[in-house]
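The values are calculated or read from the model by the stated rules, or taken from the named source; none is laboratory data. Just so it is clear, the model here is predicted, and its values are computed rather than measured. When we count neighbours, we look across all protein chains shown, and the Cβ atoms used for this are built from the backbone with ideal geometry, even at glycine.
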């Protein structure tokens with residue numbers, strides 16, 4: 001059996017007014033991505049956003065009577081400070097680096113650019 005976009009309201013209608021059905025999924029998914037995959041809750045927030053947007057689309061264009069995910073709030077994500085190298089660690093890296101590696105390290109440190117961004121630089125970018 002192949003589902004089409006016209007089948008969406010019938011499939012999702014059992015969720016109408018039953019946002020509590022999404023809560024257990026969200027709790028189980030949060031547990032699986034944080035404890036098993038060691039993925040931050042921001043992944044769950046992305047999934048919730050996608051599901052919410054899809055269900056809004058279903059409501060708007062496919063006749064779903066109500067978005068069951070409308071009341072679900074994203075999880076709070078704690079921002080950790082980035083790990084930075086100490087002056088001593090940077091000095092050790094520069095001591096053992098060849099001139100090209102040293103240039104890349106110093107460019108990373110002074111500009112905040114990522115390695116791939118530095119590798120993609122062209123001379124016309126440095127003027």
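Structure values in brief
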quantity	calculated
Test: residue in the range 48-55 that is closer than 28 Å to residue 117 by Cβ, modelled with pLDDT under 90 and not assigned by TED's automatic domain parsing to the domain that holds residue 31	no
Residues of the range 76-114 that turn out to be closer than 30 Å to residue 48 by Cα, surrounded by 10 or more Cβ atoms within 10 Å (Cβ to Cβ) and without any contact (Cβ under 8 Å) to a residue 24 or more places away in the chain, as a count	1
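Listed here are the residues, each with its yes/no results for (1) out of contact with any helix residue (DSSP H, G or I) (no Cβ under 8 Å at 6 or more places or on another chain); (2) at positive phi; (3) at pLDDT 75 or above.
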position	(1), (2), (3)
23	yes, no, no
32	yes, no, no
60	yes, no, yes
63	no, yes, yes
